[in-house]
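The values are calculated or read from the model by the stated rules, or taken from the named source; none is laboratory data. A quick note: this is a predicted structure, and the numbers were derived from the prediction, not measured. As a convention, Cβ positions derive from the backbone with ideal geometry for all residues, glycine included, and neighbour counts pool all protein chains shown. The area values use the complete protein model at the heavy-atom level, side chains included, leaving out ligands, DNA and RNA. Shrake-Rupley method; radii C 1.70, N 1.55, O 1.52, S 1.80 Å.
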Amino acid sequence: MSKIIPEASETLLDVQNLSIDFDVDKRKVHAVQGVSFTVEAGQKVAIVGESGSGKSTTAHSLINLLPGSGHVTGGSIKLEGREMVGESEKTFVQIRGKKIGLVPQDPMSNLNPVYKIGKQIGEALDANNVDVDHDIVQKVVDGKLEIQHSDDELFLGRNARRKIENEVLKIWLAEAKYNVDEIMQKVPKESQDNLSLRKDLFNILVAAGVSEENASDIHSRIVKLHKSMTVGSSIRIDVIHTLQKFGISESKATQIAHEHIKGSEKVDRIAGLLAEAGLVHAGQRAKQYPHEFSGGMRQRALIAMGLAARPRLLIADEPTSALDVTVQKRILDRINRLTSTLGVAVLFITHDLGLAAEYSDKLIVMHKGRIVESGASLEVLRNPKHPYTKKLMNAAPSLNATRMISESTSQIDKSIQKSFNVFEFENLTKEFKLPGTKKNFKAVDDITFAVQRGKTTAIVGESGSGKSTVANMALGLLKPTSGRILFESTNMDEIMKSKKLSKDFRMKVQPVFQNPYGSLDPLYSLGRAIAEPMEIHGVGNSKSRTARVKELLELVQLPSSIMTRYPNELSGGQRQRIAIARALALNSELILLDEAVSALDVLVQEQILHLLNNLQKELGLTYLFITHDLAVVNIVADEVVVMESGKLVETGKTADIFKNPKQEYTKNLLEAIPGRNLI
Amino acid sequence: MKKLVTTLSSVALLFVGAITLSGCGGSNSSSSDSIISVYGCEPQQTLVPGNTNETCGGNIINELYDALITYDTDGKVQNEIAESITPSDENKVYDVKIKSGLTFDNGEAITSDSFIKSWNYTAADENAQSNQSFFELIKGYDEVSKENSKVNELSGLQKISDTEFKIELTESSITFPMRLGYSAFYPLPVSAFDANGKLDPNFGEHPIGNGPYKFEAWNHDQDVKLVKSDTYKGDRPSKNAGLDYKIYTGGTEAAYADVQSGALDVLDTVPQTQNKTFQNDPQVQPVIEPSPVYQGLEIPDNLPHFGYDEEGQLRRAAISMAIDRPTIIANIVDGLADVPAGFSPNNPRISGAKAEVKGNDVLKFNSNEAKQKWEQADAISKFDNPHLDIYFNADGGAKSLLEAVANSIKTSLGIESSVKAIPDFKTLLNKEAEHQMDGAFRMGWQPDYPSVENYLQPLYTTNAAKTGSNYSGFANKDFDDLLLKGAAASSIDEANDYFTQAQEFLMKYLPCFPIYDRKQNGVSAIGVKGLTFDWKSMPVYTDITKG
Amino acid sequence: MARYIGLRILQTIPVIIGTTFLIYALVFAMPGDPVRAMFGNHPPSEAAMAVIRHEFHLDEPFIMQYLHFLYGALTFDFGKTFQGRAVSDVIATSLPITAQLAFLAIFFEILIGVGLGIIVGVKKGKIFDNFILMSTLVIISIPTFVLGFVCQFLFGVKMRILPTTVGNYVDLYHMLMPALILAGVSVSYVIRLTRSQVRDNMNADYVRTARAKGLDNKTVILKHVLRNSLLPVITYIGADLGALMGGAVVTEAVFNINGIGHQLYSAIAKGEGTLVVSLVTVLVMIYIIANLIVDVLYAVLDPRIRYGKS
């Protein structure tokens, strides 16, 4: 039995001329101005913009969860035809979770650290008075929303599953022409009720008189059946279909299902929700705390929470920005599938144009609080109309397939002979002793590759791949456990032992780190920060150093007046420029960039990458570029080293790797780059 | 939320449990109207008369015991337990007859042994009793007080019968009977001693006495309860049903607040902070009477330029006259003192006290004369870097007084004078006793018996440097002789004449100069009647009534 | 966890030995002869004083005195005070009183401190908030004894609604005012701490997520904000217990409470080494136990913290 909800034929969300202000230090900041858009039932809409564009603010205003001093100053928000602007908090409490769900951005800080995951999901169920026995399945049929609600939507409970599996086991025994009662008598009493769950089922059956061939067959089929039914998630109608797939007749399947499936308890439903979100061993995981989960697992928990009450609209606020790229793909795929199945509309907030395009039907581009362009995703992608959109497109690494070309002129003195390879890593291994375990942890396992002079070599890998450890060893901050590193044909060991050699080394190799806010001492003026390396190495005198600082600032395209200012006055991008200037202070030959652009907005990122590229051409710099973002690698690197769990997976020229990846893992990584397939 | 409630409830339960377990301390039903609550402090030792020499214990013991003699309002000796005390051999031997029929609280008769056993015990070295030195006049004292002495009986005490005994002294002393009122000479029940003459160690926790009150209970640091003795036949029966000494651990401030709110009946020392206001405080009844206590400044002779030679005499006189006593009295003690008359306060209850002692202009403020004298002293021997440091113990309350004195000296003489703190009383006392002071210090005195002799002999005689409280280094044979003559006199009046001469003698040397004679002040709560003080400035507890 | 607690308890032993030794040394180093001071201006003979010194081992070298003490402590005989009373008796009478005072103060700390702190933290009204901030600042700035005397006079003498002193009456009615005074500074601090914690947590991401789930304000505050906000507050209160017990000296003096604080003060003034060290030992133990309880409590309340094997 299905009901057609009349109001479902109206637009689900209709935002008109929305304006939002913040009160900052007695000034009014117009965070959102005159924004209008719609979301239909079941539709997937993405809002794309850089930080400060107002995309998050808009999304949060829909459920009246604006932070701090934010408030809506004008416009209308109609949810299912009902005006929401000006409504009381009580009203919003009602719609939150039930009508509109939220999957927030940072998985660690968005989960309460002192409660178990299961409890937090349970809260979502309780707060919205969700019926844990039945599922709510919404389907969009001909633009109309159908909500089905019948006993066919009863959830499968733990006990029910156990009993069903037991019955099926008996049916299969009977089909194999065994006397079921006889066999069951020979089964030890304590195993009789949970036969299907036992790992030693095979042995028990054989001991009870079943032939080895039959026992093994039944065992493997039971295991498959077990995996196909999810407690708290599969509904009765699903179970019936599943049983049929496993060879049970329709009438028998229906009978079994009706007999055993009576609905689930809350704890089952919680496990079911987590399983839907992709969490393995959901039942056990529900009893754990957030800090025991990995980033991806936490995000799945948040997805489960957002969908727990089966809302009509799900706001996904940068749900994957804190995750590795392969995990990102899985999560987004999951959200996509789940929301499609459940008929939930999605409002997807992101800064990544490629991501937005791949996972949404409609794309809205926001810039400085206004909508600059909107339309069908593919359309906007292929024919951007607004100049800002065009800029974003050009800057998005995932949407660009080629290496950046610099137009600067080279200033290298070609007469000086230098080694071909700046670094050579041979069988490099690093082991760590972990407290509490006996085995050592191999962070880097037998890596061999070389860094060519004048080129950009990228080490790419997800978190835990060991790339940062390699970087630290290259900088001489960690000693390898075995293997060796040659810097300009000299063994790093020797360099580090000798005072003079190591000092020279430091002048030649300089790092730029990820966090622009952490790498500059807030108490140093910018001029001093840049001059510091020169001071330490005793290069020049105060006057010459100041001159050099001015030079460097020019190189990184910052005004020399900035010398006397302090880090807190600069933006992230400007700070990275300062960090780069500092790295160049000693005329270094190799710059190690450890996720140097990962924290920057896409347009700023593009500028910095261009800058680096130009500097490379002008000064003959070698870059060792550490990153997790394969898309960036494509546009900046000449050589690529792919790492996974400490091991080297694949290495080669960028173009080769990207066109013809040889290893499975590399293929997965490439698959995960959003938007690649769209252009 | 559940955790918050649980935490709160468990804390509350804990607390309630603790409170009820304590048995509510002493919230016994309020004592009958006739029990007077008085200020008390925890006695330093247990309540053994021979071992108590401070006021906390003394105030209590005084009510538990009667002595052989008592004093009338002129400081003259009256017989109490004694029937008669007959001197002979030029006041070197005294024959004591005890009244018959007198008993202790436990019914035990008061006999000669009650005195002899108790006195022997106190005098013997091995018992380490505080009041040991009071027996130094009695023959045999040297033996019992020698180090590691095995002798523990005074040879000068001879029992004649149960109601008569003889006391033989080492030298004549006409004032000896006056000393017999001091707590060192109280009798103790014979049953409290074992066969070897040792006092039962628990006696002090449950003393048995013969005074107007009987001991009831002592909760350490909390209170001491006494009830009116129904076997008492002496001269000062109690008009109230008993005394409840509430022990205040933090001083008299809290006690004063209690008197104001009616929770305490009698406070015998007004805290300094209330000096200005207590006389006009409508919530208390103030009592002010002369006391036998004075405050003075003592300069030891080991200070350069301050010996007892001519130069030193001039300087000492100069310092004394430089002190603006009237102003200090007005400001520091809010007028609750008198300008000194001599080396004992001009208190009619003290035998031999004089209103004016010849030569006492050195005790009067006169900055011109002070300057003159100082210059004269400089003429004899120039004092480079003239200064006088004054020491005080930080845990006492004398700082403001001594600061005022120092300022006075500075202003009048133009020399450097500043106060220096020594952390606590015992350290200061030690330094004084070891003659290690390099500055002046406060000297006050409370007498043990009401005679001028007691203001002179323990403080300024040569002997007193060894066994008394002479920290000034003053040792003058002529002075000693005057006192001996006084002790050997044949009448109290004659003795007092000698003592007056001794005072006049001291005016030249001024080992210590009194600054003021304190007035005793106390308060009682509204509704409490009859608070007065005796010669020793102890409240006459037996006269206090309420309701 | 059991192993962790066991280890912590074992650790207390070297701490106590170290502390007692240190305190004993300090008392020993104090100038002045405590025996002479007992007698004031009427000292007995040198010989008599020697007897007393011998009785209290004061004529022996420092290390011997300390060992005497240690040996006695192991057999729970802490010696006698100069008055002749057993030290354990002194502790047995005064410790429970101070404990009651401290517990009552803690009770108020929780009730008023946490209660008001939550209210101010949640409500954004400026007026009430400023009022609370100002008054807590005032209370923190006023020395305890001033506060004590003023309240004693105002409520005890003038208005007669509360008793002026405690004395023998160790019960709730009498201990009310002293406990409030003693808790004064701590309450002010707890209010501020709770307030800032609550404020921070009200803006925390996970609180927003909780709201996004559809939880109403009351549930959000009680279940999410409170639990996380109270963790540091509980730590502070637990540690405060030790401080309150040792630091009640002033309050005890003003209100005539016969507790450990006063005993300690007069023991120091008189130079009674054994008594000082015994009292300090007791206080050290209380402090250690209070801290241990707080640490364990923290582990119980915050699942991120688990001691022993991870």
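Past the 27 Å Cα-Cα mark, which pairs from B:Lys166/B:Lys214; A:Lys385/A:Lys653; A:Lys418/A:Lys653; A:Lys28/C:Lys213?
Values: B:Lys166/B:Lys214 29 Å; A:Lys385/A:Lys653 35 Å; A:Lys418/A:Lys653 22 Å; A:Lys28/C:Lys213 30 Å.
Flagged as over cut-off: B:Lys166/B:Lys214; A:Lys385/A:Lys653; A:Lys28/C:Lys213.
Around C:Gly113, with a cut-off of 13 angstrom between Cβ atoms, what is the net charge of the other residues, counting Lys and Arg +1 and Asp and Glu -1? Working shown, then result.
Values: positive: C:Arg192, C:Arg195; negative: C:Glu109, C:Asp240.
Every neighbour counted, the sum reads 0.
Separation of region B:280-310 and region B:39-85 by C-alpha centroid, Å?
24 Å
Over 5 Å intervals from 0, what percent of Cα-Cα pairs in region A:353-423 sits in each interval?
Whole-percent P(r) values from 0 Å outward: 3, 13, 19, 17, 10, 7, 6, 6, 7, 8, 4, 1.
In Å, what is the Rg of the alpha-carbon atoms in chain B, and how long is Dmax?
Every Cα atom of chain B included, Rg and Dmax give 25.4, 92 Å.
Any idea of the accessible area per residue across chain B, 1.4 Å probe, to the nearest Å²? Don't skip to the end; give the middle numbers.
On the way: 21050 Å² over 547 residues.
Heavy-atom accessible area per residue stands at 38 Å².
Let a ≥ b ≥ c be the square roots of the eigenvalues of the Cα gyration tensor of chain C; is it rounded (a/c under 1.5), or, if not, prolate (a/b larger than b/c) or oblate? Before the final figure, lay out each step's value.
Values: a/c = 3.31, a/b = 1.68, b/c = 1.98.
Oblate is the answer for chain C, as a/c is 1.5 or above yet b/c matches or exceeds a/b.
Provide, in order from the shortest bin, the percent of all Cα-Cα pairs of region B:294-518 in each 10 Å bin, continuing until the bin that contains the maximum pair distance.
8, 35, 38, 17, 2, 0
Could you state how much accessible area is buried at the A-C interface, both sides summed, with a 1.4 Å probe, in Å² to the nearest 100? Write down the numbers at each step before the final one.
Details: alone 31360 and 17220 Å², together 46410 Å².
Using a 1.4 Å probe, the pair buries roughly 2200 Å².
Within 10 Å of each Cβ in C:254-261, how many Cβ atoms from other chains are there, averaged over the peptide? All intermediate terms of the calculation are to be shown ahead of the outcome.
On the way: counts 5, 5, 14, 3, 11, 2, 0, 2.
So the per-residue partner count for this stretch is 5.
How big is the antiparallel share of DSSP beta bridges in chain A, given as a percent to the nearest 5? Walk me through the numbers before you get to the answer.
On the way: 56 of 93 bridges.
For chain A, the DSSP antiparallel bridge percentage is about 60.
Over all residues in B:243-255, what is the mean tally of Cβ atoms on other chains that come within 10 Å of each residue's Cβ?
On the way: counts 0, 1, 0, 4, 4, 7, 14, 16, 4, 0, 8, 14, 4.
Shielding by partners across B:243-255 averages 6.
Give the whole-number value, in cubic angstrom per residue, of the convex hull volume spanned by the C-alpha atoms of chain A.
Values: hull volume 134.8 nm³, N = 679.
With only Cα atoms used, chain A gives 198 Å³ per residue.
Do any residues of region C:157-191 lose at least 50 Å² of accessible area when the full set of protein chains is present rather than just their chain alone, and if so which, with a 1.4 Å probe?
Hits at the 50 Å² cut-off: C:Val157, C:Arg160, C:Asn168, C:Tyr169.
Looking at region C:136-240, which trypsin sites (Lys or Arg not before Pro) are in a loop (DSSP not H, G, I, E or B) and have at most 15 other Cβ atoms within 10 Å?
Working: sites: C:Lys158, C:Arg160, C:Arg192, C:Arg195, C:Arg199, C:Arg208, C:Arg211, C:Lys213, C:Lys218, C:Lys223, C:Arg227; in loops: C:Arg160, C:Lys213.
Counting only loop positions with at most 15 other Cβ atoms within 10 Å, the trypsin sites (Lys or Arg not before Pro) in region C:136-240 are C:Arg160.
Give the shape of region B:429-547 as rounded, prolate or oblate, defined through the alpha-carbon gyration tensor: a ≥ b ≥ c are the square roots of its eigenvalues, a/c under 1.5 means rounded, and otherwise the shape is prolate if a/b is larger than b/c and oblate if not. Before the final figure, lay out each step's value.
Values: a/c = 2.85, a/b = 1.61, b/c = 1.77.
Taking the square roots of the gyration eigenvalues as a ≥ b ≥ c, region B:429-547 is oblate.
Are there any trypsin sites (Lys or Arg not before Pro) in region B:329-430 that are in a DSSP loop and have at most 13 other Cβ atoms within 10 Å? List them by number. Don't jump to the answer; show the numbers that get you there.
Values: sites: B:Arg349, B:Lys354, B:Lys358, B:Lys364, B:Lys371, B:Lys373, B:Lys382, B:Lys399, B:Lys410, B:Lys420, B:Lys426; in loops: B:Arg349, B:Lys354, B:Lys358, B:Lys364, B:Lys382.
Within region B:329-430, the qualifying trypsin sites (Lys or Arg not before Pro) (loop, at most 13 other Cβ atoms within 10 Å) are B:Lys358, B:Lys382.
On average, how much accessible surface per residue is there in chain C, in Å², for a 1.4 Å probe, leaving out ligands, DNA and RNA? Don't skip to the end; give the middle numbers.
Values: 13350 Å² over 310 residues.
I get 43 Å² per residue for this part.
What number comes out for accessible area per residue over region A:155-261 if the probe is 1.4 Å? Units Å², please. List each step's numbers first, then the result.
On the way: 5520 Å² over 107 residues.
Value for region A:155-261: 52 Å² per residue.
Taking the convex hull of the Cα atoms, report for the protein assembly as shown its projected area averaged over all directions, in nm².
Dividing the Cα hull surface by four gives the mean projection, 79.5 nm².
Just to be sure I understand the interface: list residues from region C:290-307 that lose 20 Å² or more of accessible area between the chain on its own and the complete protein assembly, 1.4 Å probe.
Correct list: C:Leu301, C:Pro303, C:Arg304.
Expressed as a whole percentage, what fraction of the accessible surface of region A:155-261 belongs to carbon and sulfur atoms when a 1.4 Å probe is rolled over the protein heavy atoms? If you can, show how the numbers build up before the last one.
Working: 2610 of 5520 Å².
After summing per-atom areas, the C and S share lands at 47 percent.
Total Å² of accessible surface buried at the B-C contact, 1.4 Å probe, nearest 100? Write down the numbers at each step before the final one.
Values: alone 23790 and 17220 Å², together 35510 Å².
Buried: approximately 5500 Å² between C and B.
Skipping prolines and chain starts, which residues have an amide H placed within reach, meaning under 5 Å, of the one on A:Thr230, given they are 5 or more residues away or on another chain?
none
Counting only Cα atoms, I'd like the Rg/Rh figure for region B:472-526, Kirkwood definition for Rh.
Details: Rg = 16.3 Å, Rh = 13.5 Å.
So for region B:472-526, dividing Rg by the Kirkwood Rh gives 1.21.
Dividing the Cα radius of gyration by the Kirkwood radius, what Rg/Rh value follows for region B:236-331? If you can, show how the numbers build up before the last one.
Details: Rg = 20.7 Å, Rh = 17.6 Å.
Across region B:236-331, the Cα-based Rg/Rh ratio is 1.18.
Rounded to the nearest percent, how much of the accessible area of region B:294-518 (1.4 Å probe, protein heavy atoms only) is carbon and sulfur? Intermediate results must be reported in sequence, preceding the final value.
Working: 3950 of 8360 Å².
After summing per-atom areas, the C and S share lands at 47 percent.
With a ≥ b ≥ c taken as the square roots of the eigenvalues of the C-alpha gyration tensor of region A:440-506, please select rounded if a/c is under 1.5 and otherwise prolate if a/b is larger than b/c or oblate if it is not? Intermediate results must be reported in sequence, preceding the final value.
Working: a/c = 2.06, a/b = 1.36, b/c = 1.52.
Judged from the Cα gyration tensor, region A:440-506 comes out oblate (a/c at least 1.5, b/c at or above a/b).
Most mobile of C:Ile110, C:Ile13, C:Ile132 per a Gaussian network model of chain C (Cα springs, under 10 Å)?
Most flexible of the set in this elastic network: C:Ile13.
Take the alpha-carbon centre of region C:214-255, take the same for region B:365-418, and report the distance between them in whole Å.
56 Å
Could you list the chymotrypsin sites (Phe, Trp or Tyr not before Pro) in region C:61-105 that lie in coil according to DSSP, counting only those with at most 10 other Cβ atoms within 10 Å of their Cβ? Before the final figure, lay out each step's value.
Values: sites: C:Phe62, C:Tyr66, C:Phe69, C:Tyr71, C:Phe76, C:Phe78, C:Phe82, C:Phe103; in loops: C:Phe76, C:Phe78, C:Phe82.
Passing both the DSSP loop test and the Cβ count: C:Phe76.
What is the ratio of the Cα radius of gyration of region C:32-79 to 2.2 N^0.38 Å, with N the residue count, to two decimals? If you can, show how the numbers build up before the last one.
Values: Rg = 12.7 Å, N = 48, 2.2 N^0.38 = 9.6 Å.
Normalised by 2.2 N^0.38 Å, the Cα Rg of region C:32-79 equals 1.32.
Under Stokes-Einstein, with the Kirkwood radius over Cα pairs standing in for Rh, what whole-number D in µm²/s applies to region C:205-305 at 4 °C and 1.567 mPa s?
Values: Rh = 16.6 Å.
Diffusion coefficient, whole number: 78 µm²/s.
Seen from all sides and averaged, what is the projected area of the convex hull of the Cα atoms in region A:155-261, in nm²?
On the way: hull surface 24.0 nm².
Dividing the Cα hull surface by four gives the mean projection, 6.0 nm².
Accessible area drop of at least 30 Å² (1.4 Å probe, protein heavy atoms): which residues of region A:81-97 qualify, relative to the chain alone?
By number: A:Val93, A:Arg96.
Could you tell me how far the Cα centroid of region B:101-180 sits from the Cα centroid of region A:282-319, in Å?
94 Å
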